[in-house]
Structure formats: C-alpha cells, structure tokens
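S.K.: Before we start, here is the structure in question, set down as structure tokens.
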Amino acid sequence: MFELRRDPVTGWWSAIVADRAFDRDAFAVEAQPVEGTHCRHCDDAPDDAAPHLVRRVPLRSDAFHRIDSSKEQAAQLSLSEVERATGSWEILVGPRDHHERMADAAPQLAGALVRAARDAMRALGEEPREANAEGRPEPLYIQVVQSHGRQAGSRSSHLNVELYAIPQVPHWVAEEIGGGARQMIKSRRCVWCALSESEEERGERLVFADHHAIVFAPAASRSAFEMMVVPRAHAADFTTLDDEAIAATTATLQRALHALDALGDPPYNLFLHTAPSGERLDQTFHWHWEIHPRLRVIAGLERATALAVNPVAPEYAAEVLRQHLAG
C-alpha cells in the first residue's frame, strides 16, 4: 500500500510503502569502489604535508554554461547560444593515503574538511559577480556534496568533499526558501526548528539527538533511510559557523553516517542546504544537512510523475538506525 505524504516545507509528495516491514537483505547494497587503483590526489600531495592538511583543488572554472531559453529562437537553441561560462567546480581533498570513509576519518581530519568547505564557501561568496538587469549581483549558490560509492557518483576513492558554485538557486533549495517563508507567515516560527523539536519529542522517527543537532528520518522521506540533520541553533547561513560549531557539526555528521552501517556499507550522498551567497534569510531559512543512501534504481512511476517512491517507511528506518547506534 502506498501512503502519500506531503513535505511540510516544499509541498512535494512522497509515496511511502507503509505496510512493508524492514528486511535488511532487501537493502543490502554495498558501495562499489571507484574503478582504478591509481590516485592522482595522492600523487599531488606534498611530501611535508601536515597530517590533517586539506587541499583545495580546482577542477573547472567554467563548470556551468547558462542558456537563455526565453529567446524567440528557443526552439532552435544550440551550444553556440551560450551567454557566458560561469560557476565553478572544485574538490577538497585530504592528505596522501587517506581513502577512508568520512564516518571513519579521524575527527580532526573530518573537521578540517568541513572547515575547509566553510572557508571556501566564504571565499567564493566574496568574489565579484556580474550585475543582473536590476543592478544586483547575479545569484550564486554553493553546493557542498560528499559522496560514497560509485552508485552515488563518487569520482575518487580519496577522502574528499566537492563544491559547486552555481549561478542560480537550485530548484530544491528555492522551494525550501519559499516554503520556509510561507510557514513563517503562517505560524510565526521557523519550520525546521518546529519540525526537529517535534521529531525529538515524539521519538518515532528520531535517529539520535545531541547538544548540536537533531537527526531524524523525515516523515515524507524521498529516499529509503534518508536522514535530516537540523542544528538546534537557528541560523540561515552555514558560513557563519565558528570553529567550535564546525567541530560539533562534524561529530554529529560522523555519528549519523555510522548509523548507516546498519545496512552494511551503503553508497550515499551527503549534502548541505544553506542560504545562497549574500542572501539575508535569517528568519525564514535554517541551514541543514541531508543524507540520502543510494539503495535502488529510480523506477518508471517516479520518472513519469516526479513522485518519490520510498520502499521503506521512515518509522522503520529510524528504528533500525537507532538500534544500530545503541549497539
């Protein structure tokens, strides 16, 4: 039986297979290693590097090409009509010979990666941007992604975090921004603060909570064993965190990733949703992490309708993850 559930922020619907009990074998998808044994990040590492040195490696300075599809000749668009190349793609890599999972990295090294992401986001946000028709700087969204396993799109076995500087606000984030504003008008409260407090109090979908954040399986999860990590302190912009808060969020992330060991060693995507660069969303947005295991192929119904189909109820997922952490 599909149970339709609506995300309270975006309004998007998910179909949850609510009557299916947990069967570990059905979700025992092991992360596939990246092909090849040669690691160029190890080759490029300096010999005298500090044990927790994180290097910022640019991959493309013109990673995103923007096409204006509103032109009269929209039906005949080609790559020759690219307005300009913009945006960037880079990778933050750990020291030589560090091919461990993010969950298993030493806390100092994992924290250095998260701190380097914050610092790179700050630097990218301070770079000059062209003005749009209204005279304001062009939008910039910096997406942080950490992936594990070939099924999740990982391109390197080296411990890393990817950063994408995108010259627009992605649809998912834009929907969250709009939903946060609507909920603030409706209830006069941050929807993420209210959601996480409710999940902690009810406990049914709670994975764990610590002094820094509340980790739970969203009621309308779009992925099996999806987790949302919402910090207790309300803030819209991840880049405002100080080093103490970076250490705290790293510890929470590593514990949440360890919860996935209940499934063995699954592939996953970890990503950050935060305010776009330069945008003041202090009251209506709340930065957060999401963890999406990659356990199945997207099927025809989902492609045809954009309706997410989740084959395991979040309540079951949270119980399995919670019990694993309890040991």
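The values are calculated or read from the model by the stated rules, or taken from the named source; none is laboratory data. Quick caveat, the model's predicted, so the values are computed rather than measured. Here the Cβ is made from the backbone with ideal geometry for all residues, glycine too, and neighbour counts use every protein chain on show.
S.K.: I'd like to check which strands (runs of 3 or more DSSP E) are fully inside the stretch 157-273 and have at least 1 residues that are at pLDDT below 95.
M.R.: In the stretch 157-273, 160-166 are the strands (runs of 3 or more DSSP E) which contain 1 or more residues that are at pLDDT below 95.
S.K.: How many residues does the stretch 7-41 hold that are at pLDDT below 80, of a type outside the set (Phe, Trp, Tyr) and over 30 Å from residue 97 (Cα atoms)?
M.R.: Total meeting the criteria: 8.
S.K.: Contact list please: Cβ distance under 7 Å, first residue in the stretch 282-302 and on the phi < 0 side of the Ramachandran plot, second residue of a type in the set (Val, Ile, Thr) and crowded, with 22+ Cβ neighbours inside 10 Å, pairs at least six apart or on different chains.
M.R.: If the second residue must be of a type in the set (Val, Ile, Thr) and crowded, with 22+ Cβ neighbours inside 10 Å, the pairs left are 286/230; 287/274; 288/229; 288/230; 289/229.
S.K.: Moving on to the next point. Of all residues in the stretch 147-156, which are modelled with pLDDT under 95 and either under 23 Å from residue 61 (Cα atoms) or touching a Ser or Thr at 6+ places or on another chain (Cβ under 6 Å) (or both)?
M.R.: Residues satisfying the conditions are 153, 154, 155, 156.
S.K.: Criterion first (surrounded by 15 or more Cβ atoms within 10 Å (Cβ to Cβ) and either touching a Leu at 6+ places or on another chain (Cβ under 7 Å) or not hydrophobic (A, V, I, L, M, F, W, C) (or both)) does residue 218 satisfy it?
M.R.: Values: surrounded by 15 or more Cβ atoms within 10 Å (Cβ to Cβ): yes; either touching a Leu at 6+ places or on another chain (Cβ under 7 Å) or not hydrophobic (A, V, I, L, M, F, W, C) (or both): yes.
Criteria met by residue 218.
S.K.: Is at least one residue of the stretch 69-91 within 26 Å of the chain's Cα centre (by Cα), outside any helix (DSSP H, G or I), loosely packed, with under 14 Cβ neighbours inside 10 Å and at pLDDT 85 or above?
M.R.: Scanning the stretch 69-91, I find no residue that is within 26 Å of the chain's Cα centre (by Cα), outside any helix (DSSP H, G or I), loosely packed, with under 14 Cβ neighbours inside 10 Å and at pLDDT 85 or above, so the answer is no.
S.K.: Further, regarding this structure: Across the stretch 102-145, what is the number of residues that are surrounded by fewer than 19 Cβ atoms within 10 Å (Cβ to Cβ), not in a helix (DSSP H, G or I) and not acidic (Asp, Glu)?
M.R.: Summing the residues that are surrounded by fewer than 19 Cβ atoms within 10 Å (Cβ to Cβ), not in a helix (DSSP H, G or I) and not acidic (Asp, Glu) in the stretch 102-145 gives 12.
S.K.: Across the stretch 273-327, which residue is surrounded by the fewest Cβ atoms within 10 Å (Cβ to Cβ) among those that are closer than 21 Å to residue 227 by Cβ and small (Gly, Ala, Ser)?
M.R.: 327
S.K.: Considering only residues of the stretch 262-272 that are farther than 18 Å from residue 231 by Cβ and in contact with a helix residue (DSSP H, G or I) (Cβ under 9 Å, 6 or more places away or on another chain), which is surrounded by the most Cβ atoms within 10 Å (Cβ to Cβ)?
M.R.: 268
S.K.: What do you reckon, is residue 169 more than 16 Å from residue 60 (Cα to Cα), within 15 Å of the chain's Cα centre (by Cα) and among the hydrophobic types (A, V, I, L, M, F, W, C)? Break it down stepwise before answering.
M.R.: Values: more than 16 Å from residue 60 (Cα to Cα): yes; within 15 Å of the chain's Cα centre (by Cα): yes; among the hydrophobic types (A, V, I, L, M, F, W, C): yes.
In short, yes.
S.K.: So, one more: Could you please tell me which pairs satisfy a Cβ distance under 6 Å, a separation of 6+ or placement on different chains, a first residue in the stretch 165-187 that is surrounded by 15 or more Cβ atoms within 10 Å (Cβ to Cβ), and a second residue that is in a helix (DSSP H, G or I)?
M.R.: Note: pairs meeting the criteria are 165/124; 180/191; 183/191.
S.K.: Of the residues that make up the stretch 111-123, is at least one more than 28 Å from residue 13 (Cα to Cα), without any contact (Cβ under 8 Å) to a residue 24 or more places away in the chain and of a type outside the set (Lys, Arg)? Spell out how you get there, then give the answer.
M.R.: From the stretch 111-123, those more than 28 Å from residue 13 (Cα to Cα) are 111-123; that's our starting set.
Of the ones still in play, those that are also without any contact (Cβ under 8 Å) to a residue 24 or more places away in the chain are 119, 123.
From the residues that got through so far, the ones that are of a type outside the set (Lys, Arg) too are 119, 123.
Yes, because at least one residue in the stretch 111-123 is more than 28 Å from residue 13 (Cα to Cα), without any contact (Cβ under 8 Å) to a residue 24 or more places away in the chain and of a type outside the set (Lys, Arg).
S.K.: Tell me the residue from 259, 233 that is crowded, with 20+ Cβ neighbours inside 10 Å and out of contact with any Phe, Trp or Tyr (no Cβ under 6 Å at 6 or more places or on another chain), please.
M.R.: After applying the criteria, what remains is 259.
S.K.: Given 306, 256, 275, 313, which one is hydrophobic (A, V, I, L, M, F, W, C) and closer than 27 Å to residue 34 by Cβ?
M.R.: None of the others qualify; the one that does is 256.
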